[in-house]
Amino acid sequence: MSPSPTRVLVLNSGSSSVKYQLLDMRDSSRLAVGLVERIGEQTSRLKHTCLGSGDTREAVGPIADHEAALKAVAEELGRDGLGLDSPELAAIGHRVVHGGMFFTEPTVIDDAVLAEIERLIPVAPLHNPANLTGIRTAQALRPDLPQVAVFDTAFHTTMPESAARYAIDPRIADRYRIRRYGFHGTSHAYVSRATARLLGKTPEEVNVIVLHLGNGASASAVQGGRCVDTSMGLTPLEGLVMGTRSGDLDPAVIFHLARVGGMSMDEIDTLLNKRSGLFGLCGDNDMREIRRRIDEGDAAAQLAFDIYVHRLKKYIGAYCAVLGRVDAVAFTAGVGENAAPVREAAVAGLEGLGLAVDPGLNAVRGDEPRLISPAGARVAVAVVPTDEELEIATQTYALVGTGSAPVGNNS
Ligand code: ADP
């Protein structure tokens, strides 16, 4: 009998891009990573790295659609002897942004699952269509292979109604499926568990505040391994100040911009999602550039930083209250893992809540989970690198790894 397949291909299909990683789940090692960008344009770009040989190949040229993109990815993998036709491939794991309230777990994809992801398009118009295209294309390439959907929202489905509901008429909320779903769930799940491990505890034993600070940013309150609150809502617009999103604001700002400013709904949508946050405040959304400008005495960059940190601090305080007892605060993603000044400023003055950062530890850079709070601190403050692809691969493999999982009814 041939040994069970152990490889998982993780696909993250965006509207004009596909990111992918091939992992071997025997040791969670990466075999290949890559990215196809600008799908549908003349200057599409494919960048592929084979980790075994260290080879990186880049190609620029038209890639018409997701099908062509995945075929190109399959070809690149094939050149490294890692093709999609390999018997060692156990499954394909897909990141799916919105699973609504329906999907609380990773799910083997069949026709019913596809139909439900499609039904959720009105609440995730930008993301779910691209995710669906990725799934359908991968199914066409390997119809015999289990394909698994791992949802960004799933980790947050444990939120109590008191945190998940907006204070609006429930009949209207239910009719339009308006509630707080939360996003970045794969990262919050991974980082909260990794933080427990760093403390030498099980996830059930600890309460953790996770601060996922990338270009998009969200906070979550995780009690004994279960999410009880998170800062993103119906869409990823709510909550923290982000690279280009405003985060929380009085909903009346929207009425005001429409009535007094004469802006259309699409213009306001673009303003709040793409031209706000750090970028809207100071013209830059990269924290490195903002710190550089602050060092040069730039007042707009300083104010953007201060607004960003103020919001972050408010959420830390709020989640201390939601959790009652906090064991750890974990910083993750591009800003959280790299920007020591953000971590220092977010925790400054919170000694009363048991929170502090040791400047020496905070300045140390590294890829491993690490504590940055002073020895003996009541609450651990940690930097815990996220790894959403590994989490998707782990969840996918857990579902199909025995080779016994049913392949969906995709015919
Ligand atoms: P996303 O996955 O949301 O696109 P990431 O988690 O990769 O984002 O985070 C990207 C952001 O991280 C950048 O926009 C930048 O602000 C920040 N970042 C990355 N590296 C550094 C660094 N060395 N110092 C400060 N900020 C950084």
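List of remarks:
- Gained length - residue 358 relative to residue 6, 0.36 nm times residue gap less alpha-carbon distance: 122.6 nm
- When the Gaussian network model of the chain links Cα atoms closer than 10 Å, the mean-square fluctuations of 269, 286, 250 top out at 250.
- Ligands, DNA and RNA left out, the accessible area of the chain computed with a 1.4 Å probe is 54% carbon and sulfur.
- Using R0 = 45 Å, the C-beta based FRET efficiency linking residue 177 and residue 45 works out to 0.80.
- Difference of contour (0.36 nm per residue) and Cα-Cα distance, residue 116 to residue 286: 57.6 nm
- For segment 113-175: rounded, prolate or oblate by the Cα gyration tensor [a/c cutoff 1.5]: prolate
- Cα gyration tensor category, rounded, prolate or oblate, for segment 259-328 with a/c compared to 1.5: oblate
- In angstrom, the C-alpha Rg and Dmax of segment 125-266 are 18.1, 57.
- Accessible surface, the chain, averaged per residue in Å² (probe 1.4 Å): 45 Å²
- Degrees, to the nearest 10: 299-323 long Cα axis against longest axis of the chain: 80 degrees
- Qualifying trypsin sites (Lys or Arg not before Pro) for segment 309-408 [loop in DSSP, other Cβ within 10 Å: at most 15]: 325, 365, 378
- When both bridge partners sit in the chain, DSSP labels roughly 70% of those beta bridges antiparallel.
- Restricting attention to the chain, lysine pairs at least eight places apart or on different chains and with alpha-carbon atoms under 28 angstrom apart total 9.
- Pairwise FRET efficiency - residue 375 versus residue 267, Cβ, R0 = 56 Å, nearest 0.05: 0.60
- Projecting the Cα atoms of 113, 339, 151 onto the charge dipole of the chain, computed from C-beta unit charges around the Cα centre, puts 339 farthest toward the positive end.
- Measuring how big segment 68-184 is from its alpha-carbon positions, Rg and Dmax come out at 16.9, 57 Å.
- Rounded FRET efficiency, nearest 0.05, which uses the C-beta distance separating residue 144 from residue 338 and R0 of 56 Å: 0.85
- Rounded to the nearest angstrom and listed largest first, the equivalent-ellipsoid semi-axes of the chain from its Cα gyration tensor are 34, 26, 23.
- Acute angle (nearest 10 degrees) that the helix 66-79 long axis makes with the longest principal axis of the chain, alpha-carbon atoms: 70 degrees
- Estimated vicinal HN-Hα couplings, Hz - segment 167-179 in sequence order (Karplus 6.51, -1.76, 1.60; Gly, Pro = x): 7, 10, 3, x, 5, 5, 4, 6, 4, 9, 6, 8, 7
- Cα gyration tensor category, rounded, prolate or oblate, for segment 59-98 with a/c compared to 1.5: oblate
- On Cα atoms only, tilt of 128-141 relative to the major axis of the chain in degrees: 20 degrees
The values are calculated or read from the model by the stated rules, or taken from the named source; none is laboratory data. From a predicted model like this one, the values you see are computed outputs, not experimental measurements. Cβ: placed from backbone, ideal geometry, glycine included. Neighbour counts: every protein chain shown. Protein only, heavy atoms only, side chains kept; ligands, DNA and RNA dropped before computing areas. Shrake-Rupley method; radii C 1.70, N 1.55, O 1.52, S 1.80 Å.
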